[in-house]
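The values are calculated or read from the model by the stated rules, or taken from the named source; none is laboratory data. Everything quoted here is computed from the prediction, not taken from an experiment. Here the Cβ positions follow ideal geometry from the backbone for every residue, glycine too, while neighbour counts run over all protein chains shown. For accessibility, only protein heavy atoms count, side chains too; no ligands or nucleic acids. Shrake-Rupley method; radii C 1.70, N 1.55, O 1.52, S 1.80 Å.
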Amino acid sequence: MNGVTLLLAAIALFLLAAAGIMASTIYMFRFAGMAMNGRRPVVQRRVRAALAFGCFAGILASAAAGYVGITTLMYHGMRAAPPVAP
């Protein structure tokens, strides 16, 4: 794996993780706002709160996937590099 391929893969993975974090954040705030609306029925507020919690878990999962994915790419890039002569 050459350096340009490794860099492009890392950038793509970072952008995917960032997009997942942004989308989950937007939906988390949207569902949390609906869950805190006192005019909605209690069952509907509980469902919205559960969806907000699921989006929060999505934020954590996207961040973890991006971190582990980029670390894995760097590890495999290091293993594929030719050995350095002393």
Qualifying residue in region 13-24 (condition: aliphatic (A, V, I, L, M), part of a helix (DSSP H, G or I), open to solvent by 100 Å² or more (accessible area, probe 1.4 Å) and in contact (Cβ under 8 Å) with a residue 24 or more places away in the chain): yes
Neighbours by Cβ (under 7 Å, 6+ apart or cross-chain): first from region 61-86, within 19 Å of N2 (Cβ to Cβ) and open to solvent by 90 Å² or more (accessible area, probe 1.4 Å); second in a helix (DSSP H, G or I) and β-branched (V, I, T): none
Region 51-86: number of residues that are at pLDDT 95 or above and either part of a loop (DSSP other than H, G, I, E, B) or among the polar types (S, T, N, Q) (or both): 1
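Residues are listed down the side, and each one gets a yes or a no for (1) in contact with a Lys or Arg (Cβ under 8 Å, 6 or more places away or on another chain); (2) without any contact (Cβ under 8 Å) to a residue 24 or more places away in the chain; (3) not in a helix (DSSP H, G or I); (4) not charged (D, E, K, R):
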{"residue": "T5", "(1), (2), (3), (4)": "no, yes, no, yes"}
{"residue": "A9", "(1), (2), (3), (4)": "no, no, no, yes"}
{"residue": "Y27", "(1), (2), (3), (4)": "no, no, no, yes"}
{"residue": "R30", "(1), (2), (3), (4)": "no, yes, no, no"}
{"residue": "G33", "(1), (2), (3), (4)": "no, yes, no, yes"}
{"residue": "R45", "(1), (2), (3), (4)": "no, yes, no, no"}
{"residue": "A49", "(1), (2), (3), (4)": "no, yes, no, yes"}
